[in-house]
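To start, the structure itself, in structure tokens.
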Amino acid sequence: MVEIFARKALIQKGWAENVRLAVNNGLLETVEEDARPGPNDTVVGIVIPGLANAHSHAFQRALAGRTEERSPAGRDNFWTWRERMYALAGKIDPAALTAIATQAYNEMLASGYTSVAEFHYLHRAPGAARADESMFLAITDAARQSGIRLTYVPVLYERAGFESPQPIGSQQLFALEIDEFLEHQSRAAEISDASVHVAAGVHSLRAVTTSSLQQVADLARQIGVPMHLHIAEQQREVDECLSSYGRRPVRWLLENLDVDESWCLVHATHMDTEELASLASTGAVVCLCPSTEANLGDGLFSLRRFLEAGGRFAIGSDSHISINPFEELRWLEYGQRLAAQSRNIAAFEGAHVGRELFMQALHGGAQACGQAPGEITAGAPADLVVLDDDDPMLVGHDATSLLDALVFSGYRLPIERVMVNGVWRVINGEPVGIEESSRDFAAALQRIGVA
Ligand code: ZN
């Protein structure tokens, strides 16, 4: 049993004062307001729920900051970045993947993410004749070492494009036949302990056949797990889909698959007005990754229209060009402001933008990961973030503006502690295993020739 006394906490009903939390077996046993601290309580300033990082390619953490030089041709874009990413993928063996992912997951914990959906298509180690479980086990090992809550999303990747039936070059590392994929998904679920939630996914419309997409979606529905895919991230993908399928990607998906709350559409950047409204009405969650989308020059999601139609979103750090949920939310809103030449886009009727963004990301993230709503209430998982109420960023802010300050007013986060599943994983602002993981990360990068 761990007991925590928080001077302020964002619990299910809203902000509350003097909140006492009893944690047992990874769950919040009781949540008591207007309480007094007990003799063994850990007394803290502010407690908020941890956020889910709904879209991660952990291995890409090794590429952050290494693709920012302009090429002589001067035509740098998503597709040229992808070549660099493929070159990295070709160097990632299971040991390197564990080291890189452990570091990425520790950084996530330090910035207030308590769970991650790992969108994993790196099924084959370099030189391996066929896919095996070693790359999947590297991911679960990293989650175990860091303590982050893992939703493992095994991803099917079959072909190079709509009109290219085979994977080419480095895509061979990702390739699985549909039967191999189905076997891997069920085997992953079978050998995972209760701390790992195994979902399902396909890379994108361009990377799988329509019949395989249907089979993976059927499997997800049958076993009741989230179904993830990248969609409409790039204009070129929209053009190719129009030319091959006669529809824009999101329109085609909605017409051909039974999309509902269990679906997570990653990016969905390029949608027309009708697609935005239709997708919002399904209850599916869109995973927005603003720092990656900006870094790759993807385009800007029409957030206001989507929210007006009742759309739900999660956030993800995707390529891990940076790992900070509050920065994702800040840039999500700032992109909209720059485009609209207006302010306070993501809130309605006098609401505060920081609070609205946070609550959307909290609920949407939990939905995308197939978890409970992420709120602080009795019976919920004890996934908590402790903020320093003496920090100049937060001092003097009351319940109305505290999350605005957290989202908009700083780079350095005032996070003191993070708990996942009832265990403190960050103490004094540092992930418990960060020294070892930083050392292993540096050694792995050197060994595979990235640094
Ligand atoms: Zn992605």
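Throughout, read-outs are computed from the coordinates displayed, never taken from laboratory work. The model shown is predicted, which means the values in this text are computed figures rather than measured ones. All Cβ positions, even for glycine, are placed from backbone atoms using ideal geometry, and neighbour counts span all protein chains on display.
What the table below lists for this structure:
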quantity	calculated
Using alpha-carbon coordinates, inclination of helix 78-89 to the longest axis of the chain, degrees	80 degrees
Two-decimal Rg to Rh for the range 287-423 - Kirkwood Rh, Cα set	0.95
Ellipticity estimate at 222 nm from DSSP helix runs (n ≥ 4, -39,500 (n - 2.57)) divided over the chain, nearest 500	-11500 deg cm²/dmol
Between 0 and 90°, nearest 10: helix 434-447 axis offset from the chain longest Cα axis	20 degrees
Theoretical gain in end-to-end length, Glu177 to Asp260 [0.36 nm per residue, Cα-Cα removed]	27.3 nm
Nitroxide proxy distance, nm - points 7 Å out along Cα→Cβ at Glu32 and Ser170	5.5 nm
Contour excess over end-to-end distance, with Cα ends at Glu349 and Ala451 and 0.36 nm allotted per residue	31.7 nm
Peptide ranges 134-143, 392-401 listed from the most packed, as the mean C-beta count within 10 angstrom indicates	134-143, 392-401
Mean shadow area of the range 223-298 over all directions, Cα convex hull, nm²	5.2 nm²
Evaluated at q = 0.14, 0.17 Å⁻¹: base-10 log I(q)/I(0), Debye formula over Cα of the range 85-223	-0.64, -0.93
Calculated log₁₀ intensity ratio I(q)/I(0) where the Debye formula runs over C-alpha points of the range 256-316, q = 0.18, 0.25 Å⁻¹	-0.58, -1.06
Extension gain, Val423 back to Lys13 (0.36 nm per residue minus Cα-Cα distance, nm)	145.2 nm
The chain: angle of helix 273-282 to the longest principal axis, Cα-based, in degrees nearest 10	60 degrees
Percentage, to the nearest whole number, of Cα pairs in the chain over 29 Å apart	45 percent
GluC sites (Glu not before Pro) restricted to the range 105-168 and DSSP loop, no more than 12 other C-beta within 10 Å	Glu163
Mean shadow area of the range 164-273, taken as a quarter of the surface of its Cα convex hull (nm²)	7.8 nm²
The range 79-143: projected area of the alpha-carbon convex hull, averaged over directions, in nm²	4.9 nm²
Rg/Rh ratio calculated on Cα atoms of the range 13-103 (Kirkwood radius)	1.26
